[in-house]
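The values are calculated or read from the model by the stated rules, or taken from the named source; none is laboratory data. This is a predicted model, so every value here is computed, not measured. For neighbour counting, all protein chains shown are included, and Cβ atoms are generated from backbone atoms with ideal geometry for every residue, glycine included. When the accessible area is computed, the model is the full protein with side chains, heavy atoms only, and any ligands, DNA or RNA have been set aside. Shrake-Rupley method; radii C 1.70, N 1.55, O 1.52, S 1.80 Å.
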Amino acid sequence: STEVWLNAMSELRFPVVFQGDLREVYLSGEAFFKVKRDETRPFVVKTEWFDTRVLGTSFNVCAYREASLSHVTLCSGVVRVNDARQPEHVFELVPGEQMVYKQEDQSMDIHRVDPSIYMAWTTGFFQFENSTLEEVFDILQRWYRVKVIYQNDGVRGELFTGKFRRFDNMQIILDLLERVSDLEIEVKENVIWINK
């Protein structure tokens, strides 16, 4: 009875029937989980970099291979996250907390966040809160299966806050981004060219 929502370009592997005293699944990408409570069989989400262990809760895991940051965001309940390479590094999250894993230095940190931002995709929205332009377009690239080329590297770090409905037509979002910034965005086939 556990429910899972998968985001774009994500993969979830699990057995037909769970054996033993653990319910283990393997995630590459992003998924939101509502785990049915079963104290005798904890639920474990394994990624390349960390494992998230729960009894019954709702949380979001984002662990794309190509992304520089991965994270676990807790909505309700309690989860325990440990480094897959160093299992003794364990973090326990309470609602409203997020564990961020940086691939560059393999560090893990805890931050307070608004969980609704990280679950907006499950209800058909893109939501950003002081996100860099590069973070925004990383998400748009996956969803719309396009490539992004920055003609000016300085724009990558510009910050954006906003909430957009996931339109079938990506051009609507690109037009909105151009209106609220001094960006020049051009689309040629499946490539987005960004300049300032």
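List of remarks:
- Pairing residues of region 133-152 that are part of a helix (DSSP H, G or I) with residues that are of a type in the set (G, A, S), at Cβ distances under 8 Å and at least 6 apart in sequence or on separate chains, gives L133/G157; E134/G157; D138/A67; R142/A8; W143/A8.
- Here W143 passes the criteria (1) of a type outside the set (V, I, T); (2) open to solvent by 50 Å² or more (accessible area, probe 1.4 Å); (3) at pLDDT below 90 except the one numbered (3).
- Filter pass, L6 being surrounded by 14 or more Cβ atoms within 10 Å (Cβ to Cβ), more than 17 Å from A120 (Cβ to Cβ), among the aliphatic types (A, V, I, L, M) and under 13 Å from the mean Cα position of the chain (by Cα): no
- Taking the numbered list (1) within 22 Å of H89 (Cβ to Cβ); (2) surrounded by fewer than 21 Cβ atoms within 10 Å (Cβ to Cβ); (3) touching a Ser or Thr at 6+ places or on another chain (Cβ under 6 Å) in turn, V45 passes all entries but (2).
- The residues in region 84-118 that are within 12 Å of S58 (Cα to Cα) and either in contact with a helix residue (DSSP H, G or I) (Cβ under 8 Å, 6 or more places away or on another chain) or in a loop (DSSP other than H, G, I, E, B) (or both) can be counted, and the count is 3.
- Scanning region 68-83 for residues that are assigned to a loop (DSSP other than H, G, I, E, B) and either β-branched (V, I, T) or surrounded by 17 or more Cβ atoms within 10 Å (Cβ to Cβ) (or both) yields G77, V78.
- Long-range neighbours under 8 Å by Cβ, at least six apart or interchain, first residue in contact (Cβ under 8 Å) with a residue 24 or more places away in the chain within region 106-120, second in a strand (DSSP E or B) and among the acidic types (D, E): Q106/D83; M108/D83; V113/E97
- Within region 49-67, restricting attention to residues that are part of a strand (DSSP E or B) and hydroxyl-bearing (S, T, Y), the residue that is farthest from F91 (Cα to Cα) is S58.
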